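Contents: one structure, followed by commentary.
Computed from the coordinates by the stated procedures, all read-outs in this text should not be read as laboratory data. Values in this document were obtained by computation on a predicted structure and should not be read as measured data. In this analysis, Cβ positions are derived from the backbone assuming ideal geometry, glycine residues included, and neighbour counts consider all displayed protein chains.
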Amino acid sequence: MTNTVIKCESVYKIFGANAEKMLQEANGNVDAKTFQENGCIVGVNNASFEVSKGEMLVVMGLSGSGKSTLLRCISRLTDATGGKIFIEGQDLLSLNNKELIDIRRNKMGMVFQSFALLPHKTVLENIAFPLQIKGIEDQESINKAMDMVKLVGLDGRENYFPRELSGGQQQRVGIARSLAVEPDIWFLDEPFSALDPLIRKEMQDEFLRLQEKLQKTIMFITHDFDEALKLADRIAIMKDGIIEQLDTPANIVLNPATEYVRKFTEEVPREKVLKIEDIMDKPHNENLSELKVSKDEIIENVAEKILNQERSVGVIDKNNQIVGTVHPSKIINTVFGGKKNND
């Protein structure tokens with residue numbers, strides 16, 4: 001049995017009066033410039049991928065790259081022009097309005113950049129609101145909302161109105177509200193981009209804490225590469241509606257698939273992103289240093305210790321078994337030798 005929760009097969013979203021006709025005539029080979037000359041804008045161009053249960057896929061790109069349009073197609077806030085979208089094996093594009101409302105209410109949670117809180121309702125009432133829409137009794141919905149207040153760390157503020165909260169606190173209310181319906185799938189469209197840098201970092205840390213506890217299947221949209229690297233299990237980088245690369249953060253940094261992706265990665269401090277296992281060599285018979293490091297350590301955290309060794313260091317798994325080796329020169333090469341010269 002597959003654990004795929006979201007599956008997209010050749011999804012297209014094209015805006016314009018002749019979109020469907022032009023897509024049919026293009027036979028899958030959509031050229032954005034040609035379409036534009038004919039009065040159509042290509043939002044998503046042949047997107048195919050899967051998201052597994054409990055995975056966080058971060059979709060990133062610059063403004064206009066198609067990342068939010070893709071998310072809106074998958075949540076069916078916008079209808080795709082072509083292709084297939086499956087949610088837990090169910091064909092999303094074949095659902096009628098009633099079925100669509102049902103799947104949104106019971107399976108999907110959504111958080112957007114604008115908090116969209118109801119100003120005349122308290123924190124608790126805002127969080128309980130989607131539960132009451134589902135027909136859950138007032139007291140039960142308030143009890144559930146209170147659990148969500150505690151989950152996102154807003155204890156003591158449940159009776160505040162939105163105007164009495166900071167931007168970060170308002171965003172927490174939005175997150176709590178979307179979690180109240182206990183969605184299996186969580187869509188977040190640039191939820192932290194309106195926050196100042198310090199609060200944004202706090203929210204990212206809080207988000208990772210929540211995900212470790214809840215294990216939701218998540219699609220998270222951002223234009224911030226550092227945010228993508230911090231949060232993602234895998235990253236999809238989009239440009240002009242096309243997914244240029246979909247891979248783990250480490251593989252995107254080490255092996256950018258296109259020149260566009262390379263430009264995103266060239267300023268990334270690799271030692272803050274890559275783990276020891278990303279750069280280790282296979283174990284072989286050699287005289288190792290007494291030092292051992294975990295394969296899961298971020299390079300930055302152990303670089304100094306490794307650089308103080310003359311010999312290769314053993315890399316161990318959680319059972320303390322040696323699964324690889326790292327020579328000090330590999331650390332130097334990774335940190336300082338990864339950037340290409342423009343010559």
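The count of lysine pairs in region 93-179 with alpha-carbon distances below 15 Å, taking only pairs 8 or more places apart or on different chains, stands at 4.
Between helix 97-107 and the chain there is an angle of about 40 degrees, using the helix long axis and the longest principal axis of the Cα atoms.
Let me know the longest stretch in the chain that avoids all GluC sites (Glu not before Pro) found in a DSSP loop with at most 14 other C-beta atoms within 10 Å.
Details: sites that count: GLU137, GLU266, GLU267, GLU286, GLU290, GLU310.
The longest such stretch corresponds to 1-136.
Mean-square fluctuations from a GNM of the chain, with a 10 angstrom spring cutoff on Cα atoms, peak among ILE276, ILE41, ILE133 at ILE133.
Across all Cα pairs in region 104-184, the calculated P(r) in 5 Å bins from zero up to the longest distance comes to 3, 18, 30, 28, 16, 5, 0 percent per bin.
Classify the chain as rounded, prolate or oblate, taking a ≥ b ≥ c as the square roots of the eigenvalues of its Cα gyration tensor: rounded when a/c is under 1.5, otherwise prolate if a/b is larger than b/c and oblate if not. Oblate shape, in that a/c is at least 1.5 and b/c is the bigger or equal ratio.
Taking 18 Å as the cut-off, the amide N atoms of region 76-105 that come nearer than this to a point 7 Å along the Cα-to-beta-carbon line of GLU9 belong to 80-95.
Phi-derived couplings, Karplus 6.51 cos²θ - 1.76 cosθ + 1.60 at θ = phi - 60°, listed residue by residue for region 182-193: 6, x, 7, 10, 10, 9, 10, 10, 6, x, 10, 5 Hz, with x used for Gly and Pro.
If the viscosity is 0.890 mPa s and the temperature 25 °C, what translational diffusion coefficient in µm²/s does Stokes-Einstein give for region 274-336 when Rh comes from Kirkwood over Cα pairs? Please report the intermediate quantities before stating the final value.
Details: Rh = 11.3 Å.
Roughly 218 µm²/s, to the nearest whole number.
Using a cut-off of under 17 Å, list every residue of region 284-313 whose amide N is near the label point 7 Å from the Cα of LYS201 along the Cα-to-beta-carbon line. Taking a point 7 Å out along Cα→Cβ of LYS201, the residues of region 284-313 whose backbone N falls under 17 Å are 300-301.
The convex hull around the C-alpha trace of region 11-160, projected and averaged over every direction, spans 11.7 square nanometres. Ignoring lysines fewer than eight residues from LYS33 along the same chain, the ones with Cα atoms less than 29 angstrom from its Cα are LYS7, LYS13, LYS21, LYS67, LYS84, LYS239, LYS263. Converting phi to 3J(HN,Hα) with the Karplus coefficients 6.51, -1.76 and 1.60 and the offset θ = phi - 60°, region 164-169 yields 8, 10, 6, x, x, 5 Hz in sequence order, with x at every glycine or proline.
Here region 51-270 carries DSSP beta bridges of which approximately 25% are antiparallel, counting only pairs with both residues inside.
Here's the list of aspartates and glutamates a cross-link from LYS272 could span, going by alpha-carbon distance under 15 Å and ignoring same-chain residues fewer than 8 apart: ASP226, GLU227, ASP296, GLU297, GLU300, GLU304. Just checking the listed ones, ALA116, ALA250, ALA80: in the Gaussian network model of the chain with Cα springs under 10 Å, the one fluctuating most is ALA116. Among the trypsin sites (Lys or Arg not before Pro) in region 239-341, those placed in a DSSP loop whose Cβ has at most 10 other Cβ atoms within 10 Å are LYS318, LYS340.
In deg cm²/dmol, rounded to 500, what helix-only [θ] at 222 nm does the chain give when every DSSP H run of at least 4 residues adds -39500 (n - 2.57) and the total is split over its residues? Each step should come with its number before you reach the end.
Numbers: 15 runs with 136 residues, N = 343.
-11000 deg cm²/dmol, from helical runs alone.
Average projection, convex hull of the Cα set of region 143-248: 7.5 square nanometres. When Lys and Arg each count +1 and Asp and Glu each count -1, what net charge do the other residues less than 10 Å away from SER141, Cβ to Cβ, add up to? Here the count lands on -2.
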